[in-house]
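Colleague: My questions will all concern the structure given below.
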Amino acid sequence: MISKCRRGHDVEVDESGRRIKRHPSGKAYCPRCSNESLMRYRRSKGVKPKPPKLTDEERRQRQRVIYLRHRAKTMANVKMATQRDRAAAYEAYGNQCACCNERDWRFLTIDHIHGGGNEHKRQLGTRGSRVLYGWLRRNGYPSGFQILCWNCNSGRYRNGGTCPHEDRYEPRAISPCAS
């Protein structure tokens with residue numbers, strides 16, 4: 001049932017005519033009158049009113065605007081954090097390629113010793129290495145990882161798990177195409 005409060009607002013009431021909404025003290029009240037009274041009180045004390053609740057779409061748009069406004073700074077912070085995590089991971093795993101002793105960090109990468117790197121990155125929800133560096137840091141640089149240079153890493157992949165530096169076979173000569 002619907003009834004009217006003393007200011008004329010619609011208020012839900014039960015069968016006995018009592019208002020359904022009650023204050024913790026037990027007094028019945030009109031939610032709209034109570035809200036208006038609270039707003040008047042806050043204005044008199046100089047308290048800013050709370051902003052209206054946003055829909056999910058409005059929240060996404062607002063976050064997008066904030067992201068675009070601060071994008072350069074955000075990207076710089078992400079880059080610095082990635083470099084910090086990469087340097088710490090390389091330091092923890094020896095700072096050089098485990099196969100050929102290459103020390104230039106631009107050539108180095110993290111390798112899963114027993115394979116399964118793609119599956120591990122899929123579980124982390126990434127294809128890049130930025131998330132992996134953070135994961136290694138948070139997990140205390142666990143065993144099962146090593147540093148390899150790009151040549152050794154891709155050579156092991158193409159050569160069935162053996163690095164071409166370790167596999168002492170004679171490379172085939174590439175024959176020119178017959179025309």
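The values are calculated or read from the model by the stated rules, or taken from the named source; none is laboratory data. Just so we're clear, the structure is a prediction, and the values are computed from it rather than from any experiment. Note: ideal-geometry Cβ built from the backbone for every residue, glycine included; neighbour counts use all protein chains shown.
Colleague: If you take the residues of the range 101-111 that are crowded, with 17+ Cβ neighbours inside 10 Å and under 26 Å from the mean Cα position of the chain (by Cα), which of them is farthest from ALA88 (Cα to Cα)?
Modeller: If we take residues in the range 101-111 being crowded, with 17+ Cβ neighbours inside 10 Å and under 26 Å from the mean Cα position of the chain (by Cα), then ASP111 is farthest from ALA88 (Cα to Cα).
Colleague: Any idea which residue in the range 121-153 is modelled with the lowest pLDDT, counting only those that are over 22 Å from ASN95 (Cβ atoms) and of a type outside the set (Ser, Thr, Tyr)?
Modeller: ARG127
Colleague: Among the candidates ARG60, ARG71, ARG84, ARG42, single out the residue that is closer than 30 Å to CYS149 by Cα and charged (D, E, K, R).
Modeller: ARG84
Colleague: Would you confirm whether or not the range 89-110 contains a residue that is among the hydroxyl-bearing types (Ser, Thr, Tyr), in contact with a Phe, Trp or Tyr (Cβ under 8 Å, 6 or more places away or on another chain), over 20 Å from SER154 (Cβ atoms) and assigned to a helix (DSSP H, G or I)?
Modeller: No, there is no match, as no residue in the range 89-110 is among the hydroxyl-bearing types (Ser, Thr, Tyr), in contact with a Phe, Trp or Tyr (Cβ under 8 Å, 6 or more places away or on another chain), over 20 Å from SER154 (Cβ atoms) and assigned to a helix (DSSP H, G or I).
Colleague: Residues in the range 146-156 that are touching a residue at least 24 places away in the same chain (Cβ under 8 Å) and surrounded by 19 or more Cβ atoms within 10 Å (Cβ to Cβ): how many?
Modeller: Of the residues in the range 146-156, 6 are touching a residue at least 24 places away in the same chain (Cβ under 8 Å) and surrounded by 19 or more Cβ atoms within 10 Å (Cβ to Cβ).
Colleague: Within the range 112-144, track down each residue that is within 15 Å of the chain's Cα centre (by Cα) and outside any loop (DSSP other than H, G, I, E, B).
Modeller: Selection gives LYS121, ARG122, GLN123, LEU124, ARG130, VAL131, LEU132, TYR133, GLY134, TRP135, ARG138.
Colleague: Criterion first (outside any helix (DSSP H, G or I) and among the β-branched types (Val, Ile, Thr)) does THR82 satisfy it?
Modeller: Spelling it out, it is not the case that THR82 is outside any helix (DSSP H, G or I) and among the β-branched types (Val, Ile, Thr).
Colleague: Which of the residues spanning the range 12-71 are of a type in the set (Gly, Ala, Ser) and modelled with pLDDT under 80?
Modeller: Matches in the range 12-71: SER16, GLY17, SER25, GLY26, ALA28, SER34, SER37.
Colleague: I'd like to know if the range 113-123 contains one or more residues that are within 24 Å of GLU166 (Cβ to Cβ) and among the polar types (S, T, N, Q).
Modeller: Within the range 113-123 (the criterion being within 24 Å of GLU166 (Cβ to Cβ) and among the polar types (S, T, N, Q)), the answer is yes, since at least one residue qualifies.
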